[in-house]
Ligand code: NDP
């Protein structure tokens, strides 16, 4: 991809899964990658070392996305240490699922904090220093626009907030030549949604291409949007789901 060398990329939740694949892709393109994680310190440190083998700068920071002050501090520390953030990827996510009537307020708050509030907080923090040509890319979900089952209501509700956020922020930051886009994966083989999970065959049956995506599939799209080839795309929601929402 063109234009990613030496960029400073900040990714939330990249110790594993889609975030790790995005981090690997950016490092392979010559970008410096700073990423957060919540709990998996061992995996995050291993991921940090792996990224460094690509010859780029890398740093794993333990930050709960729900903790506003900690997230803001991680971003300001990153700017002090590595320079202004060129590319923000809001990826950290959780998957609350279950009967609507049994959702607790604690689950509700955690979901909104990680999927909605943290995206707002991180985006607001990075734009203080983000240079012209910057990118804000959030990872939503195809479930925001297609409720596959009735068991993922707060998940879909939280991810659908990103559609409005992306459109508004794209307009606000257009004059600064910063683009803002939303990537909505469908079933993607990670710890969150393994391709051999009990529900996997049902999900495949709903897809035009009846196969799970990979983290690399999502990473390729994110890298394209972040590259100079993606510079005219903003305010867009791109669903990458094997045609599940077709
Ligand atoms: P995983 O569960 O495999 O990985 C989640 C990542 O997010 C981990 O790095 C985890 O860190 C981090 N994380 C979770 N909670 C927090 C938190 N509170 N603060 C900071 N980091 C956190 O998930 P995926 O890779 O599958 O999902 C990535 C994104 O893609 C999510 O936003 C998800 O909603 C979205 N998505 C995934 C789909 C799928 O089928 N897999 C489909 C559609 C969307 P740690 O390792 O420390 O826990």
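May I ask you to derive the relative contact order of the chain, considering only C-alpha pairs under 8 Å and at least 6 residues apart, and to give it as an integer percent?
Relative CO of the chain lands at 22 percent.
Report, in whole Å, the centroid distance computed from the Cα atoms of the range 207-228 and the range 65-116.
Cα centroid of the range 207-228 versus Cα centroid of the range 65-116: 22 Å apart.
Between the helical axis of 68-82 and the dominant principal axis of the chain, each derived from Cα atoms, what acute angle in degrees is found, rounded to the nearest 10?
With both axes taken from Cα atoms, the answer is about 40 degrees.
Could you please tell me the mean projected area of the C-alpha convex hull for the range 170-246, averaged over all directions and given in square nanometres to one decimal?
Computed as one quarter of the Cα hull surface, the answer is 5.8 nm².
Which order results if 86, 64, 99 are arranged by neighbouring Cβ count within 10 Å, fewest first?
99, 64, 86
Please compute the length gained on full extension between residue 105 and residue 2, using 0.36 nm multiplied by the number of residues separating them and subtracting their Cα-Cα distance.
Going from the current span to full extension adds 32.6 nm.
Provide 102, 110 in ascending order of the number of other Cβ atoms located within 10 Å of each residue's Cβ, fewest first.
102, 110
Please report, for the Cα atoms of the range 54-160, the Rg to one decimal and the Dmax as a whole number; what are they, in angstrom?
15.8, 50
Using only Cα atoms and rounding to the nearest 10 degrees, what angle (0 to 90) does helix 17-28 make with the longest principal axis of the chain?
30
What angle, in degrees between 0 and 90 and rounded to the nearest 10, separates the Cα long axis of helix 153-173 from the longest principal axis of the Cα atoms of the chain?
That helix lies at roughly 30 degrees to the long axis.
Counting other beta carbons within 10 Å of each Cβ, put 108, 165, 100 in order, fewest first.
100, 108, 165
Rounded to the nearest whole Å³, what is the per residue volume of the convex hull around the Cα atoms of the range 8-232?
In the range 8-232, the Cα convex hull volume per residue is 122 Å³.
Any read-out appearing in this document is the output of simple, stated calculations on the displayed coordinates, not a laboratory observation. What you see is a predicted model, and the numbers here were worked out from it, not measured in a lab. Note that each Cβ is placed from the backbone with ideal geometry, even for glycine, and that neighbours are counted across all protein chains shown.
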